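The values are calculated or read from the model by the stated rules, or taken from the named source; none is laboratory data. The shown structure was predicted, so the numbers you read here are calculated from the model rather than taken from an experiment. In this analysis, Cβ positions are derived from the backbone assuming ideal geometry, glycine residues included, and neighbour counts consider all displayed protein chains. Each accessible area value is taken on the protein alone, full model and side chains, heavy atoms only, with ligands, DNA and RNA left out. Shrake-Rupley method; radii C 1.70, N 1.55, O 1.52, S 1.80 Å.
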Amino acid sequence: MERWPNIKEPAWPIKEEIEDAALRSEAENGLVMSRAKFSRQREKFTLIWTALSTQDYNALKAFYKAMLGGSSSFAWSHPVTGKEYTVRFGAELKFSNDGPNIWSGSVELSEV
């Protein structure tokens with residue numbers, strides 16, 4: 001399995017979401033019925049960089065292309081907790097060149 005590239009850690013905050021695994025249905029009398037849609041709740045992470053070097057940006061871009069965007073999964077270690085997740089890219093790679101050798105942007109990772 002591929003591993004996340006060795007690049008500068010993201011800036012704060014690292015945004016996290018936990019998927020709601022419930023299916024809900026409202027009856028005519030206002031009663032809400034629910035049940036689990038999935039057997040587990042997946043997590044999503046948004047990583048943001050405000051000053052990524054061109055070298056690190058090129059490494060991240062090459063990795064994104066090698067994973068064919070969100071097509072392939074890879075191992076990623078949470079920079080704060082150290083917990084390892086199997087994830088895939090959840091959206092487009094969005095970066096802007098803010099000056100010489102300075103890139104800013106974000107990526108979204110979704111647990112598999």
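Assorted remarks:
- Positions within segment 53-70 being open to solvent by 40 Å² or more (accessible area, probe 1.4 Å) and within 13 Å of the chain's Cα centre (by Cα), in sequence order: 64
- Pick from segment 83-108, criterion of a type outside the set (Lys, Arg) and assigned to a loop (DSSP other than H, G, I, E, B), ranking: nearest to residue 44 (Cα to Cα): 90
- Odd one out for residue 80, checked against (1) under 13 Å from residue 107 (Cβ atoms); (2) outside any strand (DSSP E or B); (3) open to solvent by 80 Å² or more (accessible area, probe 1.4 Å): (1)
- Residue 21 vs. criteria under 26 Å from residue 92 (Cβ atoms), modelled with pLDDT under 80, open to solvent by less than 40 Å² (accessible area, probe 1.4 Å) and of a type in the set (A, V, I, L, M, F, W, C): yes
- Residue pairs whose Cβ atoms lie under 9 Å apart, separated by 6 or more positions or on different chains, with the first residue in segment 15-35 and under 30 Å from residue 48 (Cβ atoms) and the second open to solvent by 100 Å² or more (accessible area, probe 1.4 Å) and of a type in the set (Ser, Thr, Tyr), are 21/39.
- The listed residue being over 22 Å from residue 105 (Cβ atoms) and polar (S, T, N, Q), out of 46, 86: 86
- Residue 50 passes every criterion in (1) within 25 Å of residue 2 (Cα to Cα); (2) surrounded by 11 or more Cβ atoms within 10 Å (Cβ to Cβ); (3) in contact (Cβ under 8 Å) with a residue 24 or more places away in the chain; (4) not small (Gly, Ala, Ser) apart from (1).
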